[in-house]
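Structure record follows, encoded as structure tokens.
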Amino acid sequence: RAQSGIGRAQSGIGQRGDGFSRGASHRKTCDVGFSNAKQAAEYRIKMTETAPVCRRAVTHTKNGEALAVPEPKLLDNVQWLHVPKAGTGFFFTLLHYSCNVTFSPNRLALFQDARKGSIVSMVFRMFSQPDCCNKGHVKWLPPFVSHTPLTKQFNINQVAVMIRNPLTRLASAFTFHRHSFGLPKDLRAKLVSIPNMTLVEFAQFPGIAGCQVKMLNGFPCAAVVTVTPAMVTNAINRLHEVAFVGITDHWTDSVCLFHSMHGGTPHKDSFSKTRSQHTHDDEAQRVKGKGKADEEETITTSRSTTTSDSSSESDSDSKSSNSSKESSLMAGLTREHDPHDWLLYEAAEALFQGRMNMYGRPSLVQ
């Protein structure tokens, strides 16, 4: 699908209003959504002047001893293990880390094409631009933004992944067309046909639980496989091997930690809220399974005040899960409904906090 998507994107460049600036076939920066190069340059200056800053400590304390904070290790290549409903917005951190791109404020509105402005479509257009996503020091390699599990096409030492509280991930998947990427078609049809399904029933449906453990073991999120303790152990071990592990419930700290570990500077887009456009208004829509929920994610952004993760700022899916409506939805859902992902989440949280301490607890400067 990636190859065919890239082909479509290449054929469309220069032929439709995709928002990319035209010009030389090779350029250092891809300007998206500007009427001219001067406008884009002025906006880049403005973004530079107002760029967010992550505080970086010089030392950290371990067992009462002051130790030097490790120097950032620049990645040569980066790949994204994109767990469904676990931080789609981290796309922007990797995009600005590896790509020379400047978006206009209405950037995402430019991608409202036949594919409903999907983030997948946007990325294919980005990567069809010469030099757009190759800063020289780092390349963003396939599978880009799809929900591909950790298989041989990944180099584990260059993988970045966001891990999410499995209970809020389940709730987000449930309210997003009963998202079940990788579920066999017959089971998918059965899943969306069940009227008045509860979140607990969704979590207990074959293939739904254990998504994050399965993906780290090379299986699709909703693959119908028996998740074993050995798979949990293997998934936890792989978290220690990948280049970066973030936590969606610690969004801003995750962005700052990524740059502390791997260099580069944060961009405002990294702290933007992302929200799926295709959400359910009623049970009838869920039953009909409208949209392309299991193929791609559609996003819009809204600027919000970014804060330190002492307030647990995260993407909009996590924020909405804290609303009274979703709290009511989650009534009765416990860690026992997704025990394997819960063990993984606890291990990821411990790893994340350990690295936060090692790097002097980097945080966003207000």
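The values are calculated or read from the model by the stated rules, or taken from the named source; none is laboratory data. None of the values given here were measured: they were computed from a predicted structure. With ideal geometry, Cβ positions are generated from the backbone for all residues, glycine too; neighbour counts draw on all protein chains shown. Protein only, heavy atoms only, side chains kept; ligands, DNA and RNA dropped before computing areas. Shrake-Rupley method; radii C 1.70, N 1.55, O 1.52, S 1.80 Å.
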With a cut-off of at least 2 residues that are touching a strand residue (DSSP E or B) at 6+ places or on another chain (Cβ under 7 Å), modelled with pLDDT of 80 or more and surrounded by fewer than 23 Cβ atoms within 10 Å (Cβ to Cβ), name the strands (runs of 3 or more DSSP E) lying wholly within the stretch 59-132. 59-62, 65-68, 77-81
Of the conditions (1) at pLDDT 75 or above; (2) more than 28 Å from residue 162 (Cα to Cα); (3) in a loop (DSSP other than H, G, I, E, B); (4) open to solvent by 80 Å² or more (accessible area, probe 1.4 Å), residue 34 fails just one. Which one is it? (4)
Subset of the stretch 179-195 (residues that are surrounded by fewer than 22 Cβ atoms within 10 Å (Cβ to Cβ) and either at pLDDT below 95 or within 14 Å of residue 84 (Cα to Cα) (or both)): 182
Positions within the stretch 183-206 being touching a helix residue (DSSP H, G or I) at 6+ places or on another chain (Cβ under 8 Å) and either in a loop (DSSP other than H, G, I, E, B) or of a type in the set (Gly, Ala, Ser) (or both), in sequence order: 183, 193, 194, 195, 196, 197, 203, 205, 206
The residue from 22, 16, 8, 1 that alone is within 30 Å of residue 170 (Cβ to Cβ), at pLDDT below 75 and open to solvent by 80 Å² or more (accessible area, probe 1.4 Å) is 1
Could you check the stretch 340-365 and list, in sequence order, the residues that are assigned to a helix (DSSP H, G or I) and surrounded by fewer than 16 Cβ atoms within 10 Å (Cβ to Cβ)? 346, 350, 353, 354, 357
If I ask for residues that are assigned to a loop (DSSP other than H, G, I, E, B) and either at pLDDT 95 or above or open to solvent by 30 Å² or more (accessible area, probe 1.4 Å) (or both), which ones from the stretch 162-178 would you list? 164, 165, 178
Just one of 224, 232, 200, 242 is at pLDDT 95 or above, aliphatic (A, V, I, L, M) and open to solvent by 60 Å² or more (accessible area, probe 1.4 Å); which is it? 224
